[in-house]
1. Which ones in the stretch 1-15 are aromatic (F, W, Y) and at pLDDT 90 or above?
2. How many residues are among the hydroxyl-bearing types (S, T, Y), touching a residue at least 24 places away in the same chain (Cβ under 8 Å) and over 18 Å from L107 (Cβ atoms) when one looks only at the stretch 1-18?
3. Does I15 satisfy the condition of being within 15 Å of N124 (Cβ to Cβ) and in contact with an Asp or Glu (Cβ under 9 Å, 6 or more places away or on another chain)?
4. Would a scan of the stretch 83-100 turn up a residue that is more than 13 Å from the chain's Cα centre (by Cα) and under 19 Å from L25 (Cβ atoms)?
5. Does T88 qualify as being part of a helix (DSSP H, G or I), of a type in the set (S, T, Y) and out of contact with any Asp or Glu (no Cβ under 6 Å at 6 or more places or on another chain)?
Amino acid sequence: MSDEQQIRDLFNNWIKSTIEGDLELARQCIADDAVFFVPGAGEMDKETFAGGAAGGSPEDSPIDYDLHSKLRELKVFGDQAYLWIESTLVCTPKNGDPSTTMAGHSLSILEKIDGRWQITRDANTMTTVQE
């Protein structure tokens, strides 16, 4: 399987882990020394970010999440690569309160570690969309 296809599979697993609340799958996508940059939250490590992104099953959450992510660009440079991703996330409280929509881009840097692609750095610009 080509590096590009392996990275596309990683991207699909990352989105799947977020939608399904699969914390173990999310951890597999992230290098142990990864750093995430999130507006309003600053730097986050692997466990903090994975727990927030995929920290519970959809059935147990008080919020329904509807995530749409599009891979805009993928470039591979040997054992390193980057992804440019555009996402929209609609958060709908199950108690009937109004939904919140977030949108933005992320730039992820990946590294092939022990033969497997993982996210090492991620800068996310998703912020709340004013309606």
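1. F11
2. The number of residues fulfilling the criteria is 1.
3. no
4. No - not one qualifying residue is present in the stretch 83-100.
5. It is false that T88 is part of a helix (DSSP H, G or I), of a type in the set (S, T, Y) and out of contact with any Asp or Glu (no Cβ under 6 Å at 6 or more places or on another chain).
Residue-by-condition table, conditions (1) free of Cβ contacts under 8 Å to residues at least 40 places away in the same chain; (2) among the small types (G, A, S); (3) closer than 30 Å to E4 by Cβ:
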residue: A34; (1), (2), (3): no, yes, yes
residue: F49; (1), (2), (3): no, no, yes
residue: D79; (1), (2), (3): yes, no, yes
residue: S99; (1), (2), (3): yes, yes, no
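The values are calculated or read from the model by the stated rules, or taken from the named source; none is laboratory data. If you're wondering where the values come from, they're calculated on a predicted model, not measured in any experiment. Methodologically, a virtual Cβ is constructed for each residue, glycine included, from the backbone with ideal geometry; neighbour enumeration extends over all protein chains shown.
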